[in-house]
1. Could you list, in sequence order, the residues of segment 56-75 that are buried (at least 17 other Cβ atoms within 10 Å of the Cβ) and closer than 19 Å to F137 by Cα?
2. Have a look at L118, L139, L133, L146 and point out the one that is at pLDDT 95 or above and touching a Cys at 6+ places or on another chain (Cβ under 8 Å).
3. Based on this model, can you work out whether I117 counts as in the same structural domain as Q56 (by TED's automatic domain parsing), aliphatic (A, V, I, L, M), part of a helix (DSSP H, G or I) and under 18 Å from the mean Cα position of the chain (by Cα)?
4. Hey, among T307, T271, T312, which residue is at pLDDT below 85 and over 19 Å from F217 (Cβ atoms)?
5. Could you look through segment 12-37, keep only residues that are assigned to a loop (DSSP other than H, G, I, E, B) and in contact with an Asp or Glu (Cβ under 9 Å, 6 or more places away or on another chain), and pick out the one that is farthest from Y78 (Cα to Cα)?
6. Checking the structure you have, find out if any residue of segment 268-288 is exposed (fewer than 15 other Cβ atoms within 10 Å of the Cβ) and among the aromatic types (F, W, Y).
7. Yes or no: I242 touching a helix residue (DSSP H, G or I) at 6+ places or on another chain (Cβ under 8 Å) and without any contact (Cβ under 8 Å) to a residue 24 or more places away in the chain?
8. Condition check: more than 20 Å from the chain's Cα centre (by Cα), at pLDDT below 95 and not assigned by TED's automatic domain parsing to the domain that holds F298. Does R128 satisfy that?
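The values are calculated or read from the model by the stated rules, or taken from the named source; none is laboratory data. Quantities reported herein were computed from a predicted structural model and do not represent experimental measurements. Cβ: placed from backbone, ideal geometry, glycine included. Neighbour counts: every protein chain shown.
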Amino acid sequence: MSSTAVQINLGNPAPLGLIAFAMTTMMLMYIDMGWIESDSEALIYGCSMIFGGLVQLLVGCFELVKGSSFSFCAFTSYGAFWMTRASVFIAAKQNPETFGEMAYPLGMTAYLIQWGILSGCFWIITWRKNICLITTFGLLTVTFFLLAIAHARENATCKTTAGYFGFATAVAAFYTAIAELINEDYGRHILPGLTPMIKPERVVLTKEVIMSKFMDFDVGSNTLFLYFRGFQINSLDQVRAIREAVVEAIETKATNNPKKAHVIVDYKDVTIAKNVVQAYWNMASELEGKYYLSVRRFAVSSFGTITHHGPTGEGTVAAVPAPDLVVDLQETAPKPSYESKLSC
């Protein structure tokens with residue numbers, strides 16, 4: 001039984017999260033730079049609880065729905081950071097001797113160092129993203145470490161310097177948010193800085209290319225790994241090339257007789273033209289029956305490599321109104337019957 005998937009178009013929640021982070025950070029840095037009175041903390045931490053905290057947590061959840069693990073971790077982490085700081089501020093006002101920052105200078109220093117390390121790890125991930133995110137997370141990392149040094153040494157100059165770096169971080173985040181909104185509205189890159197650092201490589205899918213670049217055979221486990229991530233399968237020639245590559249790999253390297261192997265396929269972000277989707281799954285079904293001991297779809301998790309068994313039944317074709325008439329291969333793939341976990 002086949003069915004048609006319903007497409008739900010979600011907006012981009014990231015600009016709101018960036019604005020929430022930028023506005024809250026900017027206000028706090030006004031104090032560290034000495035631009036406004038320190039008593040303004042009451043206003044700032046009231047804002048940070050709702051705008052910097054709750055809003056970023058909600059944005060992170062929406063990013064998770066969109067399938068972005070990185071932005072989910074980033075927005076929820078900094079949302080929790082602002083809510084934590086606001087909670088500590090409220091507690092400090094009620095009992096300054098127990099909860100005031102000066103009551104635990106080493107603890108506050110360690111706290112800021114931890115956030116600096118986390119921000120540095122996020123910064124490394126942004127190296128594959130764009131200049132705006134690289135700049136934002138780079139400045140944020142420096143800000144946290146400068147604040148940690150300022151607390152450790154009780155150095156007012158260092159704290160002021162950290163304030164300027166934090167202000168620059170907020171400006172970078174705010175620019176990123178507005179640039180995303182403007183570029184999305186115009187449908188092209190109007191404001192610079194958001195062009196992806198890593199651009200997909202256009203590869204002509206032939207049997208030789210697939211065998212040399214996109215598959216490995218582990219003789220010990222008699223397993224063929226197919227790295228199809230990002231493939232755009234648009235013609236019957238490409239379908240035939242995939243079939244020929246798989247058949248040759250198994251027939252030449254499989255250790256049993258008749259020649260069969262376990263197969264694990266990475267289908268992440270694969271698209272396939274609607275006019276060849278049926279031919280692709282017919283080919284996959286033929287290979288499964290003739291050459292596969294088992295076949296699984298592959299995804300990475302830090303808790304283990306999760307692989308979904310399939311194909312096991314008739315798939316569904318999603319109605320996606322894209323200009324090049326392509327559908328997401330994971331949407332068209334037969335549904336898994338169960339899942340298993342393998343150690344990395």
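1. Across segment 56-75, the qualifying residues are Q56, L57, V59, G60, E63, S71, F72, C73, A74, F75.
2. L146
3. no
4. One residue alone meets the criteria, T312.
5. So the residue we want is N12.
6. The answer is no, given that none of the residues of segment 268-288 is exposed (fewer than 15 other Cβ atoms within 10 Å of the Cβ) and among the aromatic types (F, W, Y).
7. Here the answer is no, as I242 does not meet what is asked.
8. no
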